[in-house]
């Protein structure tokens with residue numbers, strides 16, 4: 001069986017239950033949703049009969065997005081989510097890499113993918129483009145052909161960032177999605193009375209919660225707008241019991257005066273992940289929402305959830321700062337730089353193996369071989385396990401900046417900065433930030449005789465890479481600190497900035 005089969009079984013068991021809610025009073029029952037998914041999946045197979053072709057989706061959160069995603073899975077296609085907050089340049093790099101035969105977009109997403117050969121609109125007709133409703137209409141009442149595929153076949157290719165000139169796509173197999181569904185249901189004790197409020201982007205972590213909720217006969221609810229006041233109202237209107245949010249969104253809710261705590265009276269699990277959340281912020285969130293904060297640890301390479309910790313355990317002092325215990329179908333260990341598995345309490349790199357782990361990076365065998373060694377996925381995170389098996393993350397091996405739940409690879413920003421004619425060299429890193437978890441910072445050394453303002457450089461990066469990658473602050477250095485062999489020393493830069501901030 002395939003992950004999508006769990007949805008169809010739920011639709012058979014609960015045809016009259018509500019599967020999708022909102023915005024407003026709009027509802028879609030399981031029977032109706034299954035009919036829409038089957039029709040669109042059949043249409044996709046007719047549009048492109050070839051096996052294992054890719055379908056890219058660039059859209060915001062909506063019921064139509066859910067239908068399109070489920071239909072992609074039902075058609076046996078490979079889902080490629082596109083970040084609506086990205087740039088046309090980066091989006092086109094991904095499209096050129098995976099060559100999807102079908103691209104689905106809403107009006108905003110269309111601006112990023114308009115040059116693609118086959119674009120089908122999720123919403124109303126736009127620039128004479130066909131809509132998913134028009135595409136699916138002739139196939140109402142029909143079901144797609146079932147493919148005979150192995151558990152290691154790819155279900156999705158999710159792009160987490162890029163290295164020099166090449167986007168990096170994580171190939172998530174069917175087994176990882178199935179394991180993820182079981183892990184979510186077990187960790188959060190999901191049932192048919194659960195209502196998941198869709199806040200964070202479907203293209204990212206939210207996607208891992210859709211099938212688990214639907215598989216249990218629960219519902220997905222959409223705020224009328226994706227801002228703190230409307231999210232708060234959605235929890236109240238739909239009696240939301242669970243949602244996944246990056247720390248940034250949690251902070252935004254807590255700081256917005258229009259957000260009412262009483263709107264979250266039905267909430268059981270506010271699952272926080274995608275970026276580190278300092279213990280002090282966890283305490284603050286518990287003080288605001290009550291003992292309903294749950295935490296997870298995972299990566300796109302091992303999607304939600306490698307470890308999890310429920311609200312009742314988050315509140316225990318012994319677990320302060322922990323990401324929880326390992327979920328089912330995975331092994332978790334701590335490894336020394338020499339490749340030795342270390343004992344409890346000893347720090348090292350967090351490594352994972354099992355069903356949850358990706359099969360590799362799309363068209364990047366060398367990078368795959370570096371990351372998965374003898375079955376172990378090397379996460380790049382440093383941590384330790386206590387004697388109870390609780391994971392504590394302490395640092396990162398790799399220079400990834402996780403800002404607002406999004407991964408930013410410093411080399412991408414450094415390359416963008418160095419494209420400016422005034423920049424001699426740049427070093428990019430993350431620093432703790434109360435709003436974003438980590439904020440992107442850049443240290444820049446200009447060419448002799450050149451001048452440029454920090455705002456000009458920020459706009460330069462934003463134009464090339466988008467707002468997520470744009471440094472929140474740029475620090476100018478006459479000479480960047482270097483090792484004896486000329487390598488820029490990021491640690492020395494951070495140390496200097498820390499001293500400077502104290503002196504100020």
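The values are calculated or read from the model by the stated rules, or taken from the named source; none is laboratory data. Every value quoted in this text rests on a predicted model; they were computed, and no experiment measured them. Cβ placement follows ideal geometry from the backbone for every residue including glycine, while neighbour counts extend to all protein chains displayed.
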In the stretch 407-434, the residues that are in contact (Cβ under 8 Å) with a residue 60 or more places away in the chain and out of contact with any strand residue (DSSP E or B) (no Cβ under 9 Å at 6 or more places or on another chain): 434
Failed criterion for residue 247 (all others in (1) surrounded by 20 or more Cβ atoms within 10 Å (Cβ to Cβ); (2) at pLDDT 95 or above hold): (2)
All positions within the stretch 69-96 that are touching a strand residue (DSSP E or B) at 6+ places or on another chain (Cβ under 9 Å), surrounded by 20 or more Cβ atoms within 10 Å (Cβ to Cβ) and either outside any loop (DSSP other than H, G, I, E, B) or not assigned by TED's automatic domain parsing to the domain that holds residue 50 (or both): 69, 71, 72, 73, 78, 79, 80, 81, 90, 91, 94, 95
Residue within the stretch 145-153 that is buried (at least 20 other Cβ atoms within 10 Å of the Cβ) and in contact with a helix residue (DSSP H, G or I) (Cβ under 8 Å, 6 or more places away or on another chain) present: no
Residue 431 being assigned to a loop (DSSP other than H, G, I, E, B) and not assigned by TED's automatic domain parsing to the domain that holds residue 168: no
Tally of residues being touching a strand residue (DSSP E or B) at 6+ places or on another chain (Cβ under 8 Å) and in a loop (DSSP other than H, G, I, E, B) across the stretch 164-210: 10
Test: residue in the stretch 408-418 that is surrounded by fewer than 19 Cβ atoms within 10 Å (Cβ to Cβ) and at pLDDT 95 or above: no
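Run down 134, 142 and say which single residue is touching a residue at least 40 places away in the same chain (Cβ under 8 Å) and either part of a helix (DSSP H, G or I) or in the same structural domain as residue 37 (by TED's automatic domain parsing) (or both).
142
Could you tell me whether any residue of the stretch 331-341 is crowded, with 21+ Cβ neighbours inside 10 Å and modelled with pLDDT of 90 or more?
Yes, some residue in the stretch 331-341 is crowded, with 21+ Cβ neighbours inside 10 Å and modelled with pLDDT of 90 or more.
Residue under question is residue 16, and the condition is that it be in contact with a strand residue (DSSP E or B) (Cβ under 7 Å, 6 or more places away or on another chain), in the same structural domain as residue 219 (by TED's automatic domain parsing), surrounded by fewer than 23 Cβ atoms within 10 Å (Cβ to Cβ) and in a loop (DSSP other than H, G, I, E, B); does it hold?
Judged against the criteria, residue 16 is a match.
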